[in-house]
Structures are given as structure tokens and as C-alpha cells.
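The structure under discussion appears below in the form of C-alpha cells.
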Amino acid sequence: MALNQLLTLLNEALEDKKAEDIKVLDVRKLCSFTDIMVVASGLTSRQVSAMAHHLIEQVKAHGKRPLSETGRENGEWALVDLGEVVVHLMQPQIRSFYQ
């Protein structure tokens, strides 16, 4: 799957679950472990968990498997590593703390 297609899929999956303040950051010049970071907020732990679950299901349905995922259980901050894209899903207070 091309990077642009993956980003479109991720954006649609996040919008499906009413993610807020979605940011796509090109970090190719800043780090070596990924090209793009996507950051989005969910208002509750349940919403963050649902966003992570839906996102993972959508990428799997399109033939891509996450390298890893963590945080979905507690829902304060979930991370989904897709290789060239790392997705951070956070509640607003966590996101504000880490700016």
C-alpha cells in the first residue's frame, strides 16, 4: 500500500470514530524509525480504545498488519506502529501534557 493511500485510510478510520484534532507530521528529517506520525485525540478512554481498534481493523482489511500496538487496554494513550507511519491516539489531557 502506498503511503498516500495509507494516510487516507488512517484519516478515514479516525474520522469514522470522531477523532479530534488530527495532525499528520512528516518526521523523516527528525527520526530514523518512521516517516510520518499521526496524532489524534479522543475524549474518553473508551473512544481512544475504539479508535485504535477500528484503525487496526481497517488496515488489516487492506492487507497491512501493524508491527505493534500498545495502550489500547487503558485508553489514555494508544500507539499503533505501522512502520512508515506511527499513530498516537490520546485523551486531550495526555496530549496537552506532552504538547
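The values are calculated or read from the model by the stated rules, or taken from the named source; none is laboratory data. Bear in mind the structure is a predicted one, so any value in this text is a computation, not a measurement. Reconstructed Cβ throughout: ideal geometry from the backbone, glycine too, with neighbour counts over all protein chains shown. Side chains included, ligands, DNA and RNA excluded: accessible areas come from the protein's heavy atoms. Shrake-Rupley method; radii C 1.70, N 1.55, O 1.52, S 1.80 Å.
Observations on the structure shown:
- Counted as qualifying within the chain are the helices (runs of 4 or more DSSP H) with 3 or more residues that are in contact (Cβ under 8 Å) with a residue 60 or more places away in the chain, namely 3-16.
- Sole exception among (1) open to solvent by less than 50 Å² (accessible area, probe 1.4 Å); (2) modelled with pLDDT under 95 for A19, by number: (2)
- Of all residues in segment 19-65, those being of a type in the set (K, R) and touching a Gly at 6+ places or on another chain (Cβ under 8 Å) number 1.
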